[in-house]
Amino acid sequence: MTRHAEKDTAITGIGMSDVSRGASKSALALTVDAALEAIADAGLTRAEIDGIATWPGERVDGSGFSPVGCASLQDALRLKVNWYAGGREAPGQYGAVFNAIGAIAAGLCRNVLIFRSMYEATARKTAFANSLLRPGERQAGPFAWYAPYYTYAAALQQALFFNLYVHNSGIRPEQVAQIPINQRRNAALNPKAVYRTPITLDDYLASPLIATPLRLYDCDVPCDGAVAIIVSRIDVARTLRNPPVRIEAIGSSMQYRNSWTQLDALDTQAQPKVAEMLWSRTDLKPVDVDIAQLYDGFTYHTLNWLENFGFCDRYGAKDFIEGGRRIALEGDLPVNTGGGALSAGRLHAYGAVHEACTQLWGRGGARQVQGSPQVCATSTAGGPLAGAMLLVRD
Amino acid sequence: MTQPAPPPRTLPAIDPDNRAYWTRGRDGVLAIFKCHSCHAYVHPPVPFCPACDTVAVSPQAVSGRGTVVTFTVNHKQWVPGLPVPYVLALVALEEAPEVRLVANITHCDPAEVTFGMAVEVWFEPAEDLWIPQFRPARSAA
Ligand SMILES: [Zn+2]
């Protein structure tokens, strides 16, 4: 059997800046905070970081979507690396991790600093930074097919897919509501979460409709913040201070039409074959998973991932989450245990990796899942983007 | 108090492949790339048929009839003057249901739009372009 390269890598340290709805520090300063914390957490020094990666790379468009790239952080920390990469065209946010696995397997580096920075809270105070459309500018590339139709935000494209999912699955709003209600309950126990006041079903149903069936509480929360993780070669990882969180398996494929309009299965998005790839690279099964940190750019993504990972049947998520007990901290499959992007802040799937390690290392404090969880499923992205990882405490 | 004018639509950048799609509406024609040998439709337009391995593919007129595959009713006023609610939809072409076109569904109450609804194309002029839009099919029951 082929030796899968991800099994020879592990997460060895994590760091997170302050996360807020408006930072006093710059995006780069937040990123430095996260990076220094991750390096120290791994028991490494800056001199031992020999690779750096991010997704989607630095953007200077004022959106706050990715204000810091590899070059800025590398130079700020004066890192000397053998390999670096930041680029958008990848299996979603985890593209940076998948690239790092390849770089480690190729012998290019041993300890890779991977980070994701967001400055969307500040950006939205000064401009309409969410807009996918630039007034007076003609739109080129794949998004041109959406541009003339007042498609101002990704929420509208996702609402198209979500509505079809609602139509096909028959899920009701009060069932969907269990996702944000559960996450806000978890966020109340997470001191770093942006929103910590519990919400009720009535709050969910009363939250403004953005684009049917998406309500405000279905959407993640733009924030200012940064996450960093260290991915190390497994033999190096075993000499460091934390028990390695091994990358047991990844799903990085794109076996569908790579298009936001022609994607083969709109209501499952690109996730099924990504999950299938992940399970083909491990002997573990969905039943072995202790906790799940599932992408929640919109609640619908989390519903999709529950089904596509195989935690329940197709269109079975509505029954799986009914009443919220199964996905709660004390449930069979605790989901988004730190509050996720819906409540803790949109750290764009890297908040999820940080929370996965927090739980696997038993550092969850008031929100720590009991029974010493060993296996965490984590996933990113919607539409034609999808990536997944299975993380296992060594 | 006067309402601000609706915001202008953001228009696509035109290239040799998409020109027919965004301009043939001038003649009332919805043009979709079609393979000369197997007659499969190719969208987004690119002069290559993956079924035949041929580049003999060019824009051809289609009926302009289709059905709503999925849709959303947008309620949020993203910019001043944006008339809400409005419908964003993916429409499957009658000749080739695998081809999905983005459009607003116009000429009806947003609450009347349904999955599988029969729709027909019309063209909204904008600068030098003709933007394909869809409305309820007039022949629909
Ligand atoms: Zn052909």
Based on what the data block shows, is B:Y41 within 12 Å of the ligand (Cβ to nearest atom) and under 20 Å from the mean Cα position of the chain (by Cα)?
yes
For the stretch B:44-54, how many residues are in contact (Cβ under 8 Å) with a residue 12 or more places away in the chain and more than 8 Å from the ligand (Cβ to nearest atom)?
4
Only one residue in A:V369, A:V353 is out of contact with any Asp or Glu (no Cβ under 6 Å at 6 or more places or on another chain), closer than 22 Å to A:L113 by Cβ and of a type in the set (A, V, I, L, M, F, W, C). Which one?
A:V353
Filter result for B:A5 (at pLDDT 95 or above and either within 16 Å of the ligand (Cβ to nearest atom) or of a type outside the set (S, T, N, Q) (or both)):
no
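Among A:A35, A:A23, which is the only one that is of a type in the set (A, V, I, L, M, F, W, C), under 30 Å from A:Y195 (Cβ atoms) and part of a loop (DSSP other than H, G, I, E, B)?
On inspection, the qualifying residue turns out to be A:A23.
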Please pick out the residue among A:Y165, A:Y195 that is under 19 Å from the mean Cα position of the chain (by Cα) and hydroxyl-bearing (S, T, Y).
A:Y195
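Examine the stretch B:81-98 for a residue that is in a strand (DSSP E or B), among the hydrophobic types (A, V, I, L, M, F, W, C), farther than 18 Å from B:A137 by Cβ and more than 16 Å from the ligand (Cβ to nearest atom), and state whether such a residue exists.
Checked the stretch B:81-98: at least one residue is in a strand (DSSP E or B), among the hydrophobic types (A, V, I, L, M, F, W, C), farther than 18 Å from B:A137 by Cβ and more than 16 Å from the ligand (Cβ to nearest atom).
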Which of the residues spanning the stretch B:6-36 are of a type in the set (F, W, Y) and closer than 19 Å to A:L133 by Cα?
B:W22
For the list (1) within 14 Å of chain B (Cβ to nearest Cβ); (2) surrounded by fewer than 20 Cβ atoms within 10 Å (Cβ to Cβ); (3) not basic (K, R), I need the number of the one condition that A:T239 fails.
(1)
Of the residues that sit in the stretch B:70-98 and are crowded, with 19+ Cβ neighbours inside 10 Å and β-branched (V, I, T), which one is nearest to the chain's Cα centre (by Cα)?
B:V91
Hits in the stretch B:36-77 - residues which are assigned to a loop (DSSP other than H, G, I, E, B), facing chain A (nearest Cβ under 10 Å) and under 23 Å from B:W22 (Cβ atoms):
B:H43, B:P44
Just checking: which of the helices (runs of 4 or more DSSP H) contained wholly in the stretch A:172-243 hold 3 or more residues that are over 14 Å from A:G340 (Cβ atoms)?
A:173-176, A:201-206, A:234-237
B:L101 surrounded by 13 or more Cβ atoms within 10 Å (Cβ to Cβ), within 11 Å of chain A (Cβ to nearest Cβ), without any contact (Cβ under 8 Å) to a residue 60 or more places away in the chain and closer than 21 Å to A:Q139 by Cβ
yes
On the given criteria, is B:D27 within 16 Å of the ligand (Cβ to nearest atom) and either farther than 18 Å from A:A159 by Cβ or within 9 Å of chain A (Cβ to nearest Cβ) (or both)?
no
Which condition number in (1) surrounded by 15 or more Cβ atoms within 10 Å (Cβ to Cβ); (2) without any contact (Cβ under 8 Å) to a residue 40 or more places away in the chain; (3) within 14 Å of chain A (Cβ to nearest Cβ) is the one that B:P16 fails?
(1)
I'd like the full set of residues that are part of a helix (DSSP H, G or I), farther than 11 Å from A:Y300 by Cβ and facing chain B (nearest Cβ under 7 Å), limited to the stretch A:148-159.
A:P148, A:Y149, A:L156
Can you give me the number of residues within the stretch A:231-252 that are more than 17 Å from the chain's Cα centre (by Cα), hydroxyl-bearing (S, T, Y) and under 21 Å from A:W279 (Cα atoms)?
0
Identify all residues within the stretch A:310-336 that are under 19 Å from A:L201 (Cα atoms) and part of a loop (DSSP other than H, G, I, E, B); write none if there are none.
A:I321, A:R325, A:R326, A:I327, A:A328, A:L329, A:N336
Scan the stretch A:160-173 residue by residue and report those that are among the hydrophobic types (A, V, I, L, M, F, W, C) and within 9 Å of another protein chain (Cβ to nearest Cβ).
A:L160, A:F161, A:F162, A:L164
Inspect all residues belonging to the stretch A:174-186 and state whether any of them is surrounded by fewer than 23 Cβ atoms within 10 Å (Cβ to Cβ) and in contact with a strand residue (DSSP E or B) (Cβ under 9 Å, 6 or more places away or on another chain).
no
Could you check how many residues of the stretch B:1-35 are part of a loop (DSSP other than H, G, I, E, B) and either of a type in the set (S, T, Y) or closer than 22 Å to A:L263 by Cβ (or both)?
4
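The values are calculated or read from the model by the stated rules, or taken from the named source; none is laboratory data. Predicted model only: the values in this text are computed from it and were never measured. For neighbour counting, all protein chains shown are included, and Cβ atoms are generated from backbone atoms with ideal geometry for every residue, glycine included.
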